[in-house]
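First comes the structure, then the notes that go with it.
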2 protein chains.
Amino acid sequence: MEEKIRSLGSLHANHFSVHLHDVRLKTGEVSRRIKVEHPPAAAVVPFLDAERILMVRQWRYAVGRETLEIPAGKLDEGEDPPACARRELREETGYEAGRLLSLFSYYPAIGYSDEVIEIFAASGLTRASEERDEREISGLREVKLDEIYDLILEGTVRDGKTVLGLALLDLRRRRGDVPGDFFV
Amino acid sequence: MEEKIRSLGSLHANHFSVHLHDVRLKTGEVSRRIKVEHPPAAAVVPFLDAERILMVRQWRYAVGRETLEIPAGKLDEGEDPPACARRELREETGYEAGRLLSLFSYYPAIGYSDEVIEIFAASGLTRASEERDEREISGLREVKLDEIYDLILEGTVRDGKTVLGLALLDLRRRRGDVPGDFFV
């Protein structure tokens, strides 16, 4: 157990904030902790069919480069994770999800952030719009599962939630947790 | 591409800092971005034998609970990732690694942090010390691989790097990337 002694400062972005706290460790010592207070988020692995997924190209300011990821984003006020996954998929790719399957809910940066990401798989995709969010997404790419494992192992895909989504789908498939008609 | 216009403030913890920037999006609009500037980190899946790993119990201030994770930590100044993985394993568990295998290097929180974590598998463990870092670690637990997949699927293990380490080892095993004598 670590207890907050005092707050030394905060930063506020559009939808989340960061705090610097002095905390008392269980040994009695005092230390400093950064705490990112982040709304829950949802991510979605969109399956075009059993062997192909849809990924988004996106500029990431924090790492200073364009990345290849699955669609994801923060929950809006009052929104639940499945609704957020469907909305982000629609906004970032123009596709509407038919079926949605929850894969895993996890802490991406447990050392300094309270963010929780719930990852879904989506199938039965239908084209809903030709538009997508141009502020965030610079392009779409269809990738075969075989190819994406190569992109992961060679270091082209380095986004945690993307790799975790694929790994958890694989684990749940082997455990028989994925309905037989999910990809139909 | 997103360009920094100005810095609006910073917070400084022991070994990393957080900045709030106004940035210009590629559409020309101005937005606000949080950027955590974090040193690189290393994590390690410690194998007692081919079927059992060692995990640490740790209080996590950001999420307000005790968690079950693999050993991990930030690189010291001038330290490389394998040296960091060996040191964190020794400090958090008292074990020295015989063999070390790089599994994956990734961005855990690509939306707001530049942190990169390189995950290793370790084998050939030998007990080096009875001491461990009491400020961080409250206990050790030996877990069988079968059991840990249950802990992941039921939501007891929710730490991203821990699940990714196991998933990447599994992927590399299936690809034949893990030397036959690694677990001997």
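All of the numbers you see were taken from the coordinates with simple rules; none came from a lab. Computed from a prediction, not measured in an experiment: that's the story for all the values here. So basically every Cβ, Gly included, is an ideal-geometry build from the backbone, and we count neighbours across all protein chains shown.
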Next item on the list: Compute the Cα gyration tensor for the protein assembly as shown, then decide on rounded, prolate or oblate, letting a ≥ b ≥ c be the square roots of its eigenvalues: rounded whenever a/c is under 1.5, prolate when a/b is larger than b/c in the other cases, and oblate in all that remain.
Entry: oblate
Item checked: For region A:1-96: relative contact order, % (alpha-carbon pairs under 8 angstrom, 6 or more apart) -> 19 percent
Notebook entry, point to check: Any idea what the dipole of region B:64-148 comes to, in debye rounded to 20, about its Cα centre with Lys/Arg Cβ at +1 and Asp/Glu Cβ at -1?
Noted result: 280 debye
Item checked: Segment B:Ser31-B:Arg65, extension gain: residue separation times 0.36 nm, minus the distance between their alpha carbons -> 8.9 nm
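Please compute the length gained on full extension between B:Ser7 and B:Glu134, using 0.36 nm multiplied by the number of residues separating them and subtracting their Cα-Cα distance. The partial results should precede the final answer.
On the way: separation 127, 0.36 × 127 = 45.72 nm, distance 3.77 nm.
This chain segment gains 41.9 nm when fully extended.
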Margin query: At a threshold of 8 angstrom on Cα-Cα distance, excluding pairs fewer than six apart, so keeping six or more, what relative contact order does chain B reach in percent?
Written below: 22 percent
Check: When chain B is treated as a GNM, springs tying every alpha-carbon pair under 10 Å, which of B:Glu147, B:Glu88, B:Glu69 comes out with the largest mean-square fluctuation?
Finding: B:Glu147
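Among DSSP beta bridges whose residues both lie in chain A, state the antiparallel percentage, nearest 5.
85 percent
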Item checked: Residues B:Lys4, B:Lys161 arranged by fewest to most Cβ contacts within 10 Å -> B:Lys4, B:Lys161
Notebook entry, point to check: When the Cα centres of region A:6-84 and region A:121-184 are compared, how far apart do they sit, in Å?
Noted result: 19 Å
Check: Hey, what number do you get for chain B at 222 nm if only DSSP H runs of n ≥ 4 count, each worth -39500 (n - 2.57), divided across all residues, to the nearest 500?
Finding: -6500 deg cm²/dmol
Item checked: Among B:Asp146, B:Asp133, B:Asp159, residue whose mean-square fluctuation peaks in a GNM of chain B (springs only between Cα atoms under 10 Å) -> B:Asp146
Checklist line | Choice from B:Gly78, B:Gly124, B:Gly98 showing the highest fluctuation, given a GNM over chain B with Cα pairs closer than 10 Å | finding: B:Gly78
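Just give me a number: lysine pairs in chain B, eight or more positions apart or cross-chain, with C-alpha atoms less than 26 Å apart.
Lysine pairs, 8 or more places apart or on different chains, close enough: 7.
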Next item on the list: Convert each backbone phi in region A:67-73 into a coupling constant with the Karplus relation 6.51 cos²θ - 1.76 cosθ + 1.60 (shift: θ = phi - 60°), then list the ³J(HN,Hα) values in order as whole Hz, x for Gly and Pro.
Entry: 10, 10, 9, 8, x, 6, x
Check: How far is B:Arg141 from the same spot in each other copy, in nm, shortest first, if each label point sits 7 Å from Cα toward Cβ?
Finding: 3.8
